[in-house]
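Before any comments, here is the structure.
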Amino acid sequence: MISFEGAGRRFGSKVAVHPLNLSVARGEFFAFLGPNGAGKTTTLKLAAGLLRPGEGRILVGGIDINVDPIGAKRLLAYVPDQPYLYDKLSGREFLRFVAGLYGIDVASARPDIERFVALFDMADWIDELTETYSHGMKQRVALASTLLHKPKVVLLDEPLVGLDPQTGRLVKGILREQASSGTTIFMSTHVLSVAEQTADRIGILNHGRLVALGTMDELRAKAGTPENLEDIFFRIVEAEEAKRK
Amino acid sequence: MTGAPASHPRLLLWLRLTDLRNRLTRGDRSWFKIGVVTAFGLAFWFGLFLLFDEAFTFLSAQQESAYELTRFLLAIFFFFLGLMLVFSNAIISWTSLFRSAETAFLMASPVREEHLFGYKFIETLWFSSWAFLFLGTPLIVAFGRTMGLGLSFYAGSAVLIGMFIFIPAALGNISALLIARYVSRFRRRILVIAGGGLLGIALFLIYQILSIRGSASPLSPQWMRSVLSNLELAQSPLCPSFWVADGVSALALSSRASGLSSAPDQAMFAVEVRSGLSEVAAKARWDVLLYGLAIFANALFFTRIGYVLSRRWFFESWCAAQASDRTRRFPESRAREAAWNAVFVFLPARLRILVLKDLRSFVRDPVQWSQFLIFFGLLAVYFLNLRSFAYHVKIGAWKALIALLNLCATSLTLSTFTTRFVFPQLSLEGKRFWLLGVAPTSRSMVVAGKFLFSFVGSLLVSESLILTSSAMLQVPGPTIALQAVATVAICFGLSGLSVGLGAVFPNFREDNPSKIVSGFGGTLNLILSLAFVSTMMAITAYFGRGMVVEGLEAANWRSGLAAGAGSLLAFSLLAGGVPLTMGLRSIRRLEL
């Protein structure tokens, strides 16, 4: 559903993402791990069409995002680590606005908005201005807004940072459910346990290079350890660091 | 929302209208702030109106040169406002197009880039042009009132100005687009060269304008020739601001010519415009049409160019702006560190660390130092050129008045800086209070550091400016002394007010200094700062006038100076000390 074909990006002399070859299938839950500054956010921005790859191309549902950005963006949803909401709009007005951006008229959007308000447990405060929301409330509204147009691919940059345990569990459940219904989830995270519990496949990025890719079993085999993801992650990253030196 | 949006432009319009409606009807509204801003806005508008009214009344009394002088004044007014509009549009559209979180959000959605650019164009047009309209309306109303012009003049002027603002807006937007596309990658080098060049040109132009040597008396033919030759560009027929200025003049002529019924009035008018009534009316109508069409065509042309360029380049420019290397390194320099420590050696070590931290933040934040440099730099250029106006050879009372106005200009500029940059300082420390709040140093020390930084910094700049002004005006020693003391007192008072009120009304939830300033505490600080400066001006004027009127030979000038200096310092201690004490008490009690 989303494939990177040698897509890379430099910022001046610094290589943020080395040419990346990766394909994520329909309904797959893919988690992207890596230390700070590894290039996770840049990769997500490339996939979202917010940055143009310096080389290679990115296909979303078979559409090259740089050739037909509007067509590709109709299939996508992107939630950055700090989602942007309009301060002076209520959560419901924001959801209506996002529905409009994707060409959904108000009458058609209303039942879905109500469903997501209930699903994300937002009924008590959805009509208040978003400027009064906590981080967790904002994150819930942002996630609900991305699902309104039934995207084929959801790109999430650290979606669980700053969420309380209940909201975290709620979000994980909804994302897993979306993947089961055929939506591709492409998520970057620092929370290794989340990746371990929810992802079908995991990719590890280090210094802009994809250094490991596979299911948990495949990563265990690569790292040569039957341990949990945390140990696998450190083994792989430390081995890569040793190679660089 | 009552119906389905048919397109993204309509949806974005709905977004703005809903945002506006919610701003007006929901959320926290401070009626005090709204009332104060409205009252000050109206007072400012009427002040400008009276100023323009006085100027046009004076000009209309200059029988033979009235028409030419008015045309000249309008050309200058629209030229400089137009120039400012291009710059403000470029700066605002850069921020709005390439640095705003909203643009990033919309860029990830299927909104077409040209629609996004158009949406941001309208936003920029509004944000940068409302002040132009605010300054333009009192001029037009004063002009119309003085000349006794009819409704057609006001309607026609509104149309001309309304169309004109699209030209600088489009130019500013196109500039931002091109800068992002071509300059981002080599930002630092190109910006330094371009900035230096622009500053040089600006200083040269200002110098040219100010260097009309004072030998000619104001409004004499020689003076007029000097002024006109230095401002030729403003009257170039190729300059859009000239079209709007001459269009307004032509509207006035047409309106006046059609309104004159008595023979003496018609004869007087003919003398003024040096032509026959019917010829003038016909030519004026033709000019209005010509200028109107020229403005309309150019507004459409430049807006269209912006639209076409955005369709081709907006995404490229956006990517370039996001990818530009903004990392700056500040390697440790022991020599520099030692030098800074030596400058502030008189401060206790912990206080010195806090002051140096604020100094580094200031120097590394171009938003702060560039505004500081531009405004105080312009004042410095003006003060250094005071002799061009031959003020120094005027009588003592005149020189004292100019010196007082210079002190007033410096103090008002300073008050805007202390409100905009010093007041939010403690609120901005909120996120760092996990560190400062638990460090083995008293909270009072943090407040004292902010106060010292503001006081010493503003004193160095303001005192240099006031001493320059006094030297250029060649005012007598006692006046210099009074002005110098007034400057110390004003810097103390403004710093005390801003730091003190910043501690009494902190806003630790907000990261954006403009939003902190626009809250209740910031508004109160601005009002009290303006009131404080006004009172200090009144005290300086009262004692300064006494010294000028009685003359330096009078036996009691020393006691007058002492009384003046004492009053200034006492009032400043009160106005700055009380909020500072309240701020210290508040910050000590603060629970984080």
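Read-outs throughout are calculated quantities, based only on the coordinates presented, and are distinct from any laboratory measurement. Treat the numbers as computed from the prediction; the structure is a model and nothing was measured. Positions of Cβ are generated from backbone atoms using ideal geometry, with glycine treated the same way; all protein chains shown enter the neighbour counts.
The table that follows gives values for the structure above.
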| read-out | value |
| --- | --- |
| In nm, spacing of pseudo-spin labels at B:GLU102 and A:VAL67 (7 Å Cα→C-beta vector) | 3.5 |
| Cα-Cα over 27 Å, subset of A:LYS88/A:LYS172; A:LYS40/A:LYS150; B:LYS357/B:LYS515 | A:LYS88/A:LYS172 |
| Two-decimal log10 I(q)/I(0) for the range B:107-187, as the Debye equation yields it once each C-alpha is a single scatterer, q = 0.12, 0.23 Å⁻¹ | -0.52, -1.09 |
| Where only C-alpha atoms are counted, convex hull volume of chain A per residue in Å³ | 125 |
| Dimensions (Å) - the range A:154-205, Cα atoms, principal axes, largest first | 27, 27, 18 |
| Interatomic Cα distance distribution for the range B:445-525, bins of 5 angstrom, percent | 3, 15, 19, 17, 15, 11, 9, 7, 4, 1, 0 |
| Using distinct alpha-carbon pairs, which all enter the 1/r mean, Kirkwood radius of the range A:21-156 in Å | 16.1 |
| Radius, Kirkwood style, for the range B:338-388 when every pair of distinct Cα atoms is counted (Å) | 13.1 |
| Extent along principal axes [Cα atoms of the range B:54-119; Å; largest to smallest] | 63, 18, 16 |
| Where the Cα pairs of the range A:133-243 fall when distances are cut into 5 Å bins, in % | 2, 11, 21, 21, 17, 14, 9, 5, 1, 0 |
| Rg/Rg_ref, the protein assembly as shown, where Rg_ref = 2.2 N^0.38 Å and atoms are Cα | 1.13 |
| Normalised convex hull volume, the range B:449-592, alpha-carbon set, Å³ per residue | 106 |
| Proximal charge balance of A:VAL60 [Cβ under 10 Å; K/R count +1, D/E count -1] | +1 |
| Bins of 10 Å from zero: percent of alpha-carbon pairs in the range A:96-176 | 17, 52, 30, 2 |
| Peptide-level mean, for A:46-54, of C-beta atoms on other protein chains within 10 Å | 4 |
